[in-house]
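Below is one structure, written out as structure tokens, with a few remarks after it.
The values are calculated or read from the model by the stated rules, or taken from the named source; none is laboratory data. What you are looking at is a predicted structure, and each value in this text was computed from that prediction instead of being measured. Please note: Cβ atoms are built from the backbone with ideal geometry, for glycine as well, and neighbour counts cover all protein chains shown. Ligands, DNA and RNA are excluded from the accessible area calculation, which covers all protein heavy atoms including side chains. Shrake-Rupley method; radii C 1.70, N 1.55, O 1.52, S 1.80 Å.
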Amino acid sequence: MSQGHMIPMFDIAALLALRGASVTFITTPLNAARLRPALSPHHPISLVALPFPSADFGLPVCCESFDALPSPDLMRAFFEASKTLLAPSIRYLRRHPTPPSCVIADVFFPWAREIAREFGVPRLTFSGFNCFSTLCIRNLRAHGVLERVGSETERFVVPGMPHEVALVKAQLPAEAEARFVDLRAEMRDAEEMADGVVLNSFEELEREYLNVYRETTGKEAWAIGPVSLSNNPSNTINRGGKASTDELQCLDWLDQREPKSVVYVSFGSMGRLSPPQTAELARALEASGRNFMWVIKGGDGLPEEFKEEPVTERRMVVRGWAPQVAILSHGAVGGFVTHCGWNSALEGVCAGVPMVAWPLFGEQFLNEKLVVDVLRVGVRVGVERPGGLVEGEAIEKTLEEVMEGGEEGVLRRMRARALGEMARMAVEVEGSSYVNITRLIEYVLKHKS
Ligand code: UDX
């Protein structure tokens, strides 16, 4: 249901298919409808839309209603129901002419472990996270740190990390939120019992963390990304969404701007700013005097003039879904204001642009630390916890730092470019991610019963 999970999963499926695997991609009818146009009739992925009564759970059933995000309670209901409703249908694969040799399941479907066990094949998880945040969360859990931390504001250090990572509880995914406790526990167990993790990352980006993960867990970790760089079908359909603005219109507008002059602003597929925060950001973007392209979902708090005149010399406001990968790779984009959802942050890395890191929820505060402190290709906007308001002046200052930033700004841009280059090399034939896909396939062939 979350595009931040579905898009890279589909890309992974495509990558495996490209390397000769026969892949069955199982998803909801809504996602299947979005993905189907990307597959040619003879594409080696077979797409299975499992029957699921989306509407009964208040979930969107067609592409156009995607913007209406389900509430956390509805999502919880969906996850609960998916256990009983989806699991039996997947078992039909047992009667498939080529029964699976491996199940790669999203971390939100812990029951997939049972199915893999019934099939007697390896089960690998995909969480959408990078290795850095996976390791942070795992180490906090393993050392019982959160039980010892009292208040939400107490700072603590994550044990067992190669570099110091200091956090407060509020910056972690809603681990302790009452309504998710059972689900989280099941996800933890399923992760522990899995044979390994598949990561949308690459060795050169997270080598130290990948090594620590492998050493401490004794499990395989296959970094096979960045998946957005592969020539995969979801790129041709705007990575899961229906573009709200003509793709060419976005790119035409960028074509007419100076190289590296545009700030691209997006908070992913689910991120919404509060109306006062939207107004502050609008004020800062206007005051910065820079060109900007702002992709906004919802849009409460957006100034009237932005609604009435979304496209001017200096701004382009896209309300809805935008072709993000194409935009980021355009030479006119010089900076990326991102919520640090891992797909977006990695797409920023691939594009070689420095970032303004503005985490909203989930593991995004951990990704912010990776981008700003470890990779040193971003500047934090300074939000300390979900929902914290950032004032216009602070946003403006951060924009200035990322787009200019004196000597450190120059170095940051150089580091960003170098990482982008490494990302491209990783996915080339014999690059580290290419080799990891080979290793993954070899592992499966060796372990299938
Ligand atoms: C979710 C969680 O929020 C995040 O913390 C976790 O790391 C992954 O899952 P999401 O909010 O969907 O992520 O953001 P992100 O990870 O950035 O994924 C969004 C994807 O949709 C990206 O691939 C992005 O390119 C694409 N996208 C988003 C578009 O193509 N157009 C849009 O307008 C918005």
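Remarks
- Filtered residues of segment 241-266 (kept if within 16 Å of the ligand (Cβ to nearest atom) and modelled with pLDDT of 95 or more): Trp253, Leu254, Val262, Val263, Tyr264, Val265, Ser266
- Candidate set from segment 292-340 (those that are part of a strand (DSSP E or B) and near the ligand (Cβ under 8 Å from one of its atoms)); member that is surrounded by the fewest Cβ atoms within 10 Å (Cβ to Cβ): Val295
- Residue list for segment 150-161, filter: touching a Leu at 6+ places or on another chain (Cβ under 9 Å) and assigned to a loop (DSSP other than H, G, I, E, B): Arg155, Val158, Pro159, Gly160, Met161
- When the residues of segment 142-158 are filtered to those that are in contact with a helix residue (DSSP H, G or I) (Cβ under 7 Å, 6 or more places away or on another chain) and surrounded by 13 or more Cβ atoms within 10 Å (Cβ to Cβ), the one that is nearest to Glu368 (Cα to Cα) is Val158.
- Among the numbered conditions (1) closer than 23 Å to Gly341 by Cβ; (2) at pLDDT 95 or above; (3) outside any helix (DSSP H, G or I), the only one that Glu430 does not meet is (1).
- Any hit, segment 111-126, residues being within 20 Å of Asp195 (Cα to Cα), within 16 Å of the ligand (Cβ to nearest atom) and touching a helix residue (DSSP H, G or I) at 6+ places or on another chain (Cβ under 7 Å): yes
- Residue that is modelled with the lowest pLDDT, among those in segment 267-291 that are hydroxyl-bearing (Ser, Thr, Tyr) and either more than 13 Å from the ligand (Cβ to nearest atom) or surrounded by fewer than 21 Cβ atoms within 10 Å (Cβ to Cβ) (or both): Ser274
- Ala394 vs. criteria outside any loop (DSSP other than H, G, I, E, B) and open to solvent by 10 Å² or more (accessible area, probe 1.4 Å): yes
- Scanning segment 351-361 for residues being surrounded by 24 or more Cβ atoms within 10 Å (Cβ to Cβ) and within 11 Å of the ligand (Cβ to nearest atom) gives a total of 2.
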